[in-house]
Amino acid sequence: MKKMFINGIWSEAISGEKYKVKNPATGKIIYEVAYGDEQDANKAIEAANEVFATWSAKSVNERSKYLYKLYQIMLEEKESLAEAITLEMGKPINESRGEVNIAAEYVLWYAEEARRLYGEIIPASTTNKRLHVLKQPVGPVAAITPWNFPVSMLTRKLAPALAAGCTVVLKPASYTPNSAVKLFECIEKAEFPKGVANLVMGRSSRIGGAFTNNKLIKKITFTGSTDVGKQLMEAASKQVKRVSMELGGHAPFIVFEDADLEKAAEGVIISKYRNAGQTCICLNRLYVHRSIKEKFEKILKEKVEQLVIGDGIEEATEVGPLIDESAYEKVTYHVKDALDKGAVLVTGGELEKEGTLFYKPTVLTHVTNEMVITNEETFGPVCPIYEFDTEEEAIQKANDSIYGLAAYYYTRDLGKALRVGERLDYGIIGVNDAVPTTVQAPFGGMKESGTGREGGRQGIEGFLEDKFLSIDIE
Ligand code: NAP
């Protein structure tokens, strides 16, 4: 059975409850998992609080050394971490290896960033005063993570929090507990002091409730859907806890008439079909200039139909299964609604094989604003195509969304590249680039896609308080 890691001890749920996890590629149960609730969460919070004073008092060099050791262990364990990801959420094994690499890179980045937690000395208005600003950790942190990147979303929170001097209680998604267990085995091997990093699993609303109600938790960091993010923000506001929210997206992807069409089509393939379209920054609306639409659709269709669908554990697989039945129902609903309202199917639109979760990579054209797919996150391998005539129209259509996480556009015109980037209301923008995520840059959304940033030098700020000391020296 997969257990929780509380105060350095692998623990079953206090209630004794457990649940079962399935492999979405085979439908088979792969293991049982401890099913914790608020009692377990509170125990972990107390452990995190107990050790906070000593952990935060360590020198940055010491904290950095633990993180550096964790980075090295993660690289040694790369294959077992990647396999855990693929078996429980279906991602092709090569994508899982890539995820473990970036997950480890976050740890390395924050091992280094820990040494750069500079404060400030501000010139005072009078000669008798000295004005100092100190950077101090916010305190014990509660982290909640999603299933679609079940290792990298964890280290993107854990590494900056631990580097800043915070302690952490983390709850992963119920679909992907073993990826988290494997990561915490690495944390155990790196010999972090007991209680510094804790793992609880189980009933999400009750664990989330313990996180928001327990006064010992000073910050909630969440990655997941916008709906759950809003609930957590509301609950956290009662104690004015710090929050950072990495929420849903609905990325526009614009192909201008002067774009390199081959490169843009490759970009669509990566952005839309990676992780079977189950990524927060994946393309949700493809805007193609009217003058090149027909040509571009042809290039894209050919590429989409060559994608290899199958169990992610097989090396050749490029598109794995959807996570579960409800994901399949949502994708089917979006496609059916679009077709009922006049969209045209270019390719796909059905399961590879009945009774499985392998949905064929799909392209729809003649898609309009009235269709559900234009406004809601599909979280599946479906690419709806729209057309536009002018740069202004493309920008307006792209910005017409409650979401503001990622946007992409392809052009070879330098002026347009600068103009469009400045006007898109999105936190992450790929210009002729379908993979903008990197550890050294800030990642996060505008509008209902969230608040705060992860990654880069900005990613540690959310775990720090600015404390101001006004000193009269006379
Ligand atoms: P989700 O349903 O919101 O779940 C995310 C996490 O929240 C899981 O650990 C889940 O636990 C937990 N949770 C659910 N209800 C809760 C509650 N009432 N209180 C406390 N915790 C609760 O999202 P998901 O389906 O796992 O992930 C997909 C979503 O995440 C998409 O919207 C995607 O765009 C977004 N996402 C955003 C980013 C980003 O960086 N902006 C990155 C990746 C994903 P259980 O699994 O136990 O229910």
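Numbers below:
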| item | result |
| --- | --- |
| Condition met for R419 (of a type in the set (K, R), open to solvent by 30 Å² or more (accessible area, probe 1.4 Å) and within 16 Å of the ligand (Cβ to nearest atom)) | no |
| Flag for L351 being closer than 29 Å to G320 by Cα and touching a residue at least 40 places away in the same chain (Cβ under 8 Å) | no |
| Segments classed as helices (runs of 4 or more DSSP H), wholly inside segment 1-107, with at least 2 members that are surrounded by fewer than 22 Cβ atoms within 10 Å (Cβ to Cβ) and of a type in the set (K, R) | 60-76 |
| Checklist (1) away from the ligand (no atom under 16 Å from the Cβ); (2) in the same structural domain as V151 (by TED's automatic domain parsing) applied to Q458, failing item | (1) |
| Subset of segment 422-439 that is over 21 Å from E95 (Cβ atoms) and more than 16 Å from the ligand (Cβ to nearest atom) - its residue that is least open to solvent (accessible area, probe 1.4 Å) | L424 |
| Residue match in segment 367-384 (condition: in the same structural domain as K298 (by TED's automatic domain parsing), over 28 Å from the mean Cα position of the chain (by Cα), closer than 26 Å to D227 by Cα and not β-branched (V, I, T)) | yes |
| Hey, I187 in contact with a strand residue (DSSP E or B) (Cβ under 6 Å, 6 or more places away or on another chain) and on the phi < 0 side of the Ramachandran plot or not | yes |
| Boolean, A163 is in the same structural domain as Q458 (by TED's automatic domain parsing), under 27 Å from L247 (Cβ atoms), in contact with a helix residue (DSSP H, G or I) (Cβ under 9 Å, 6 or more places away or on another chain) and at pLDDT 95 or above | yes |
| Residue selected from segment 131-176 under the condition under 20 Å from the mean Cα position of the chain (by Cα), more than 9 Å from the ligand (Cβ to nearest atom) and among the β-branched types (V, I, T), by the criterion nearest to M233 (Cα to Cα) | V141 |
| Residue list for segment 440-452, filter: within 20 Å of I102 (Cα to Cα) and open to solvent by less than 20 Å² (accessible area, probe 1.4 Å) | F443, G444, G445 |
| Filter result for Y328 (closer than 18 Å to K91 by Cα and either within 16 Å of the ligand (Cβ to nearest atom) or open to solvent by 40 Å² or more (accessible area, probe 1.4 Å) (or both)) | yes |
| Conditions (1) farther than 30 Å from T356 by Cβ; (2) of a type in the set (S, T, N, Q); (3) assigned to a loop (DSSP other than H, G, I, E, B); number of the one not met by N148 | (1) |
| Residue within segment 124-133 that is assigned by TED's automatic domain parsing to the domain that holds V51, within 28 Å of M245 (Cβ to Cβ) and surrounded by fewer than 21 Cβ atoms within 10 Å (Cβ to Cβ) present | yes |
| Residue selected from segment 180-189 under the condition within 21 Å of the chain's Cα centre (by Cα) and away from the ligand (no atom under 14 Å from the Cβ), by the criterion most open to solvent (accessible area, probe 1.4 Å) | K182 |
| Options V319, V304, V243: the member that is within 14 Å of the ligand (Cβ to nearest atom) and open to solvent by less than 50 Å² (accessible area, probe 1.4 Å) | V243 |
| Y408 within 15 Å of the ligand (Cβ to nearest atom) and closer than 12 Å to H250 by Cα | no |
| Pick from segment 190-207, criterion within 10 Å of the ligand (Cβ to nearest atom), open to solvent by 10 Å² or more (accessible area, probe 1.4 Å) and under 17 Å from A180 (Cβ atoms), ranking: nearest to the chain's Cα centre (by Cα) | S204 |
| From L216, L134, L183, residue being in contact (Cβ under 8 Å) with a residue 60 or more places away in the chain and assigned to a helix (DSSP H, G or I) | L183 |
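Let's see how each residue does on (1) farther than 21 Å from E188 by Cα; (2) among the charged types (D, E, K, R); (3) touching a strand residue (DSSP E or B) at 6+ places or on another chain (Cβ under 9 Å):
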position: N7; (1), (2), (3): no, no, yes
position: N23; (1), (2), (3): yes, no, yes
position: K28; (1), (2), (3): yes, yes, yes
position: Y31; (1), (2), (3): yes, no, yes
position: N42; (1), (2), (3): no, no, no
position: V51; (1), (2), (3): no, no, no
position: A57; (1), (2), (3): no, no, no
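The values are calculated or read from the model by the stated rules, or taken from the named source; none is laboratory data. Being a predicted model, the structure only gives us computed values, none of them experimental. In this analysis, Cβ positions are derived from the backbone assuming ideal geometry, glycine residues included, and neighbour counts consider all displayed protein chains. Heads up: the accessible areas ignore ligands, DNA and RNA and are worked out on the full protein's heavy atoms, side chains in. Shrake-Rupley method; radii C 1.70, N 1.55, O 1.52, S 1.80 Å.
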